Structure formats: structure tokens, C-alpha cells
Ligand code: TXA
Ligand code: MG
């Protein structure tokens, strides 16, 4: 592991030029996007890309997303098609990633040897400015250590990667807060590989067709790297779902406090008045405001994990079948050590 001095750059003209110069020289830069912070390198430089895997401790079989300044650049790295044109037109720049057949110029290190490449055009003005200033397609996974929640602030990036990367550009908290939606349009049937910032229904409306949805815990992984426990707080988190989840949450928290445990709750705003005194609360937002919950989820999980507690609890944040609820449920399940159904 190469030790690097990590600079914290402002999101101004000098910071953007400096970040672009580091990237052109083969370096690694934490870059703000509207979803989460990414760890960027020149996507066409295999050695630079290998640096991403080394810095994150990420397994080499987990492919990276290539970020482009504009949809017009798609042909640099991928082979476009009708579905990609329609989805790009509707959702780019923005939190949508498309999986397409790749061009040979993309190193195997980016795609983990697959014949496809994942591409996205971010909407964050600083990400776009760095892409334009560097003139490069940028490979960027989320800028966390492997196994940790995705970073939504520059502070989170430094907490994980200080001394392992060359710089981070600080543009404040990410607005969406969960990663992009990934759709595979490389074959005849469009498939949802990861729910995210763009609701699946909005994609289906543009395609005029249903997406094939990911199946959980069945068969091979849907997207490479989409491990069931992708990241999890070090402190075990119990997720409670189903009718009666609120009552069950109160009972579980009260019982744990009675056992003398230090207990944390990823709390819905409306639950706060009912939760037992003595529990450490991180309020994630109100269930009527899924955008707010998405924006706060990863920061709240990091805060709970840093609080040195014995056990963490949460109840389902939103209906898991539509809108951002699908992404919230997916990320929370991945973060959980166990899922209890309150009806059992
Ligand atoms: O919002 C986001 O997508 C953020 C920001 C930084 O853009 N990036 C992100 O990257 O979440 P990462 O590496 O944490 O997740 C990328 C995932 C991989 O784990 C894999 O599941 C999927 O994208 N992926 C990448 N290339 C693929 C391919 N060729 N085929 C199928 N899935 C692919
Ligand atoms: Mg990630």
C-alpha cells in the first residue's frame, strides 16, 4: 500500500484544476457527486485504476463505474443502443448508471474482465467541472474503504482514505445520498441491477417496459460485487420489518436497555417521542420524506457506528416496493446483521 499525502481541496476553480491535474498524472481524487463521493482515477489508465482497488481494499472482481462529462462521450468507452439513448436523454446528467457493451480501450481492471462497462453522467456541478477540466473518462467507485457505508461528505472520505489517496474535493454533503440506480441494457431484456437515486418506475415509464428486478439470496449475484452484506456497521444492526414493526422496535430497545446494553436507534422522526429514554438516537428523517432519509442514511449509520454502542436497531424506513423506498430498503438490509419480521 503506497502512503500518499492527502490534500483537501476547495470546490473552487483552483481546487478543480488541481484535481484535474492529479487525475491526468495518474493520481486518485475523492470527487463529490450528487449521489455519494466517488474515488476517481483515469479510466483509461490501468495502473491508476489498480490504485483505486488498492486504496479501498476492494476485491478486483468488483467492476467500476465510468463517469463521463456528457452523454455525447458514451462512444469513447461503450457501444450505445436505443435503450441507452432514451434513458440517457431522460435521466442524464443524474443518478442513473447504464451497463453496456464496452469498447476495447477500457482496461480489464475497470470492468473486472467483463464484456460490459457501467457508465454514468453525474449531475453534480463539481464532478462535471472536474470531468471537463481533466478531459478524461473517470472510473470511480464510492470513496469508502471496502465494507464501509458510502461517504456523503468529504469528512467521511478522509475518515476512510486519508493517507491512501492524493486529494479530496470538498463540496459539502451529497444531495441524493444513495448511489445511482444501475440498469443493464447490454442485452435484449433491461434489468435492474441496483435500486438507487432514480426510481425504477420512472425508468420503466421511459422504456415502456417492465424491468427485470434483482432477486435476493437466490442464485448467483445479480451485479458483480453486490454481496448480500456489502457494508455493515461494526456494531450489529437489527432491522425490524412487517406490520407491528414500531411496537416490536420499542420492545427490543427496552429489553436491550434492561440488559444494561448501550443501544442506538436509526430513528424515524415520528418515532422519537415514543422511544425509551437512554437510547442513542440518530434521526434519519420522516417517513413521508424519503429524499430526506436517503440524504441522511449513510451519515446516520456512520454516526451510530462511531458512538461505541453494543447494539443498533432500526425499523423499515419506507415501503420497499416503489420510489426511493426500494433503494432505502436495499441499503438498510445490506447494513443489517439480522432482519426480524414483527409478525413472527
Ligand atoms: O452513485 C454511484 O453509482 C457512485 C458514484 C460515485 O457514482 N458509485 C458507486 O460505485 O456506487 P460502486 O463501485 O460503489 O458500485 C458500482 C457497482 C459495482 O459494485 C457493480 O455492482 C456494478 O456497479 N457494476 C459495475 N460495472 C458493472 C458491469 N459491467 N456489469 C454489472 N454491474 C457492474
Ligand atoms: Mg460502493
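Annotations for the structure displayed:
- Computed on the stretch 70-229, the Cα convex hull volume stands at 126 Å³ per residue.
- Based on the convex hull around the alpha carbon atoms, the stretch 1-149 presents an average projected area of 8.3 nm².
- Summed over qualifying helices (DSSP H, 4 residues or more, each -39500 (n - 2.57)) and divided by its residue number, the chain shows a 222 nm mean residue ellipticity of -9500 deg cm²/dmol.
- Stokes-Einstein diffusion for the chain at 10 °C, viscosity 1.306 mPa s, with a Kirkwood radius from C-alpha pairs, works out to 77 µm²/s.
- Using all pairs of distinct alpha-carbon atoms, the Kirkwood hydrodynamic radius of the stretch 77-172 works out to 15.1 angstrom.
- Anisotropy class of the stretch 10-82 from Cα gyration tensor, a/c 1.5 cut: oblate
- Where labels lie 7 Å past Cα in the beta-carbon direction, separation of residue 13 and residue 47 in nm: 3.3
- Mean projected area in nm² (Cα convex hull; one quarter of hull surface) for the stretch 248-338: 5.5
- For 37, 313, 231, order by how many other beta-carbon atoms lie within 10 Å, fewest first: 231, 313, 37
- Most mobile of 239, 100, 250 in a GNM of the chain (Cα contacts under 10 Å): 250
- Considering only 244, 80, 94, the mean-square fluctuation computed in a Gaussian network model of the chain, springs between alpha carbons under 10 angstrom, is largest for 244.
- Highest-MSF residue in the chain out of 321, 274, 111 [GNM, Cα springs under 10 Å]: 274
- Principal axis dimensions, largest first and in whole angstrom, of the stretch 120-180 by Cα: 29, 25, 19
- In terms of other Cβ atoms within 10 Å, 243, 184, 310 run from fewest to most in the order 243, 310, 184.
- The stretch 37-64 and the stretch 150-204: distance between their alpha carbon centers, rounded to Å: 15
- Helix 13-24 and the longest principal axis of the C-alpha atoms of the chain enclose an angle of approximately 70°.
- For 198, 168, order by how many other beta-carbon atoms lie within 10 Å, fewest first: 198, 168
- Tilt relative to the chain, helix 125-134 - C-alpha long axis, 0 to 90 degrees, to 10: 30
- Relative contact order of the chain, pairs being alpha-carbon contacts under 8 Å that are 6 or more residues apart, as %: 19
No value in this document is a laboratory result; all are computed from the given coordinates. Being a predicted model, the structure only gives us computed values, none of them experimental. Cβ sites come from the backbone with ideal geometry, for glycine too, and all protein chains shown count toward neighbours.
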